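The values are calculated or read from the model by the stated rules, or taken from the named source; none is laboratory data. This one's a predicted model, so the numbers in the text were calculated from it and none came from an experiment. No Cβ is skipped: glycine too gets one built from the backbone with ideal geometry, and neighbour counts run over all protein chains shown.
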Amino acid sequence: MKKKDPLGKGLSAILNDIEDRGAPLFVPLGQIRPNPNQPRLSFKDDSIAELSESIKEKGLLQPILVRKTGHGYEIIAGERRFRACLKAGLSEVPVIVKEADDRESLEMALIENLQREDLNSMDVAHVYRRFVDEFDYTHDGLAKKIGVERSSVTNYIRLLKLPPWIQDLIAEGKLTQGHGRVLITIEDEAEQRRYVDRILKEAISVRGLENIRRRKGIAKASPFAYAEDLLREALKTKVQITFRRNKGKLIVEFYSKDDLEALLELLVPET
């Protein structure tokens, strides 16, 4: 399946036009330095090693986008390619030189990271936050600029409210953004930790976590509704509980002889 472009056609075309404009200039690697405001927080060593091997075999096919500085060139976009070139032992690389001030450089770096790299959810959250904090975008304005739903921008940024240790697990891929959205609804950090332990030990999906949270909410509001919900899911049929004056009745419905036999197998398994 083709990966959806998170920037929309407008920004993609702008960035591609910048990199495609004019013949690339070959510059010694020693004259290029990384962007100190690089928005990408983590680089995967195995990914860089894989790209490095490709560069050794075929060369760097896509120039690095840079701007001129007093001491050489500063990367605007393409630090992953730059690191792979260093690892591959190249002496010089093709670059496209772009005139850009600090704001333009950072904005293009943010856009390039969103478009070209497989950022983890926490990197995306930090990128979105920087657009909002440093460029005064509203969530709606940012969503329109990069071609996503406003709720997507809001949901990513909300992840930054999670405790740092949960953010680390999301960045490492041990938890998903969906897990994070559910965990953020839990105010007590100790309770969050108990849920995370269950997720990791039992490989609980986001839907499973949502069901656990829903059941806990039902249990607090109505223990019998909670019991009905558990039995309904376990028996795969309609269940009704009535309770008055310390006694009650459990009604389990079935609609055929086969249904009854299936219920018996669940309730009274053969030994």
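The rows are residues; the columns are (1) out of contact with any Cys (no Cβ under 6 Å at 6 or more places or on another chain); (2) buried (at least 19 other Cβ atoms within 10 Å of the Cβ); (3) within 24 Å of R33 (Cβ to Cβ).
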residue	(1), (2), (3)
P94	yes, no, yes
D101	yes, no, yes
L106	yes, yes, yes
L110	yes, yes, yes
S121	yes, yes, no
R129	yes, no, no
T138	yes, no, no
K145	yes, no, no
V153	yes, yes, no
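Please state which one of A143, A125, A84, A100 is assigned by TED's automatic domain parsing to the domain that holds K58, touching a helix residue (DSSP H, G or I) at 6+ places or on another chain (Cβ under 9 Å) and part of a helix (DSSP H, G or I).
Matching residue, one of A143, A125, A84, A100: A84.
Any residue at all in segment 190-210 that is among the aromatic types (F, W, Y), surrounded by 15 or more Cβ atoms within 10 Å (Cβ to Cβ) and touching a Leu at 6+ places or on another chain (Cβ under 8 Å)? Yes, there is a match, as at least one residue in segment 190-210 is among the aromatic types (F, W, Y), surrounded by 15 or more Cβ atoms within 10 Å (Cβ to Cβ) and touching a Leu at 6+ places or on another chain (Cβ under 8 Å).
The set of residues from segment 71-114 being over 24 Å from R130 (Cβ atoms) and either touching a Ser or Thr at 6+ places or on another chain (Cβ under 7 Å) or not β-branched (V, I, T) (or both) comprises H71, G72, A84, C85, L86, K87, A88, G89, L90, S91, E92, P94.
For segment 60-70, which positions are without any contact (Cβ under 8 Å) to a residue 40 or more places away in the chain and not β-branched (V, I, T)? Walk me through it before giving the result.
Applying the first criterion (without any contact (Cβ under 8 Å) to a residue 40 or more places away in the chain) to segment 60-70 yields 60-61, 64, 66-70.
Selection gives L60, L61, R67, K68, G70.
For segment 137-159, a residue qualifies if it is closer than 20 Å to E104 by Cβ and modelled with pLDDT of 85 or more, and the qualifying residues are Y137, G141, L142, K144.
Where helices (runs of 4 or more DSSP H) sit wholly within segment 153-271, those with at least 2 residues that are among the hydrophobic types (A, V, I, L, M, F, W, C) and free of Cβ contacts under 8 Å to residues at least 12 places away in the same chain occupy 206-221, 257-267.
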